[in-house]
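Just below is one structure, and these are the notes that go with it.
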Amino acid sequence: MENLSEENQISPDYVRISMAAAIELGLKPGQISGCRCNCINLLQNYPQGCYANCTYCGLARERPGAAEDNSFIRVAWPLFPTDLVAEKIGELEKSKGVGRVCVAQVQDHRANRDLIDMTSRVRSKAPEVPISALVTATLLNEDWLKQIQDAGADIIGVGLDAASEEVFYETRGKGTKGPHDWKKHWKIVLKAREMFGPMKVNCHLIVGLGETDEDLVEMFHLLKSEQIAAYLFSFNPEPGTVMENAPRVPIARTRRIQLVKNLIESHDLKEEAIEFDDNGAIRSIDAPLELLDRVTNQGVAFMTDGCPDRQGEMACNRPYGSYRPGEEFRDYPFLPQASDLEVIRGEMKLDEVTKTEASAVA
Ligand code: SF4
Ligand code: SF4
């Protein structure tokens, strides 16, 4: 009966929230170790999960099992009445403040209307809280974007996920009998950028769907030039999905991509500073060792990145988006400390791709 009742508890009246958010709102007992959950992540709930068919996603239409048996990003997303969640957000906002709320869409014919409804319910209980809409670009047009903005969202997140058109086709588009289209996604990303402003639009990107380092580096430069944020995930195979047996990328690759992203975004590393081998993997990074050392030691490059709070500090750290509890951190939901940095340096093996013989960060 549990499953039956969950089937009836659909958006906009019901919403899934991340376990960390449920704990933070006092809706579930427990403690969140390692970080403060400063973003309340909400996810639409429909009986079929999602009508798209992304090969790596536990909510995809053709994965085995019912939607409620699949954990979307590895930890349970319990279901609550939307009005109760909105009320708890309002209370938390009054007592100690909420960094940000995120309302995530799935592919469903009701999803646009419900996103606006759910955003408005949060807005009515917490008039000042910043709200991100993590949208399904396939469903949108300019008019819907405007309605999402009017309902109170100040940031649009787009799950682009794939860093190249080819990988997008194979993992999310026609190649997997999915509805998503690369060009349509870009149209919405650029329209949202025009409407919401610089750094008010972001693209989620996953390292490890089959793209090359070169694809990712090109994407970081493109997004930077458009003043669109790039938020990185690291592929982690979800049981029951098409990609359940696909290998994760070596941790050295993840670390180098994180470092290079930070160098491009915050230190203007030029395109010509990175050389790639015939497979599109980073062969060398031409940057002063002092800079590589400094950026590594700052640790920020290896932190989870996500939408900011009102002070501009990262609010959404998407805990466990890239690794399971108990596994090594792919991205850190806190600033890595000295012992973490030692681990990171060992994993990154930067001396293999720096231009000089001895790396100062080794
Ligand atoms: S659109 Fe999003 S929720 Fe739906 S299958 Fe693809 S990644 Fe999963
Ligand atoms: S970074 Fe977090 S808050 Fe921002 S759109 Fe993505 S999931 Fe939502």
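Going by what's in this entry, would V295 be described as of a type in the set (A, V, I, L, M, F, W, C) and either closer than 20 Å to N38 by Cβ or free of Cβ contacts under 8 Å to residues at least 24 places away in the same chain (or both)?
Numbers: of a type in the set (A, V, I, L, M, F, W, C): yes; either closer than 20 Å to N38 by Cβ or free of Cβ contacts under 8 Å to residues at least 24 places away in the same chain (or both): no.
When the stated conditions are applied, V295 does not pass them.
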Examine segment 150-170 for a residue that is of a type in the set (A, V, I, L, M, F, W, C) and open to solvent by 20 Å² or more (accessible area, probe 1.4 Å), and state whether such a residue exists. no
Identify, please: which residue in segment 219-245 is more than 16 Å from ligand 1 (Cβ to nearest atom) and without any contact (Cβ under 8 Å) to a residue 12 or more places away in the chain and is, among those, farthest from P325 (Cα to Cα)? S225
Check off (1) under 15 Å from N38 (Cα atoms); (2) at pLDDT 95 or above; (3) over 22 Å from the mean Cα position of the chain (by Cα) for K96 and give me the number that stays unchecked. (2)
Can H185 be described as away from ligand 2 (no atom under 14 Å from the Cβ) and open to solvent by less than 10 Å² (accessible area, probe 1.4 Å)? yes
If the requirement is being within 20 Å of M314 (Cβ to Cβ), touching a residue at least 24 places away in the same chain (Cβ under 8 Å) and over 21 Å from the mean Cα position of the chain (by Cα), which of these qualifies: A133, A126, A86? A126
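Out of the residues in segment 39-64 that are assigned to a loop (DSSP other than H, G, I, E, B) and more than 8 Å from ligand 1 (Cβ to nearest atom), which is surrounded by the fewest Cβ atoms within 10 Å (Cβ to Cβ)? Steps first, please.
Residues of segment 39-64 that are assigned to a loop (DSSP other than H, G, I, E, B), as a first pass: 45-64.
Within this subset, residues satisfying the condition of being more than 8 Å from ligand 1 (Cβ to nearest atom) are 45-48, 55, 62-64.
Numbers: N45: 26, Y46: 20, P47: 15, Q48: 13, T55: 21, E62: 13, R63: 24, P64: 10.
Among those that are assigned to a loop (DSSP other than H, G, I, E, B) and more than 8 Å from ligand 1 (Cβ to nearest atom), it is P64.
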Output for segment 93-115, where each listed residue is out of contact with any strand residue (DSSP E or B) (no Cβ under 8 Å at 6 or more places or on another chain), open to solvent by less than 50 Å² (accessible area, probe 1.4 Å) and over 30 Å from E62 (Cβ atoms): E93, G97
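The values are calculated or read from the model by the stated rules, or taken from the named source; none is laboratory data. Please read all numbers here as calculations on a predicted model, not as lab measurements. Note that we place each Cβ from the backbone using ideal geometry, even for glycine, and neighbour counts take in every protein chain shown. Accessible surface areas use protein heavy atoms only, side chains included; no ligands, DNA or RNA. Shrake-Rupley method; radii C 1.70, N 1.55, O 1.52, S 1.80 Å.
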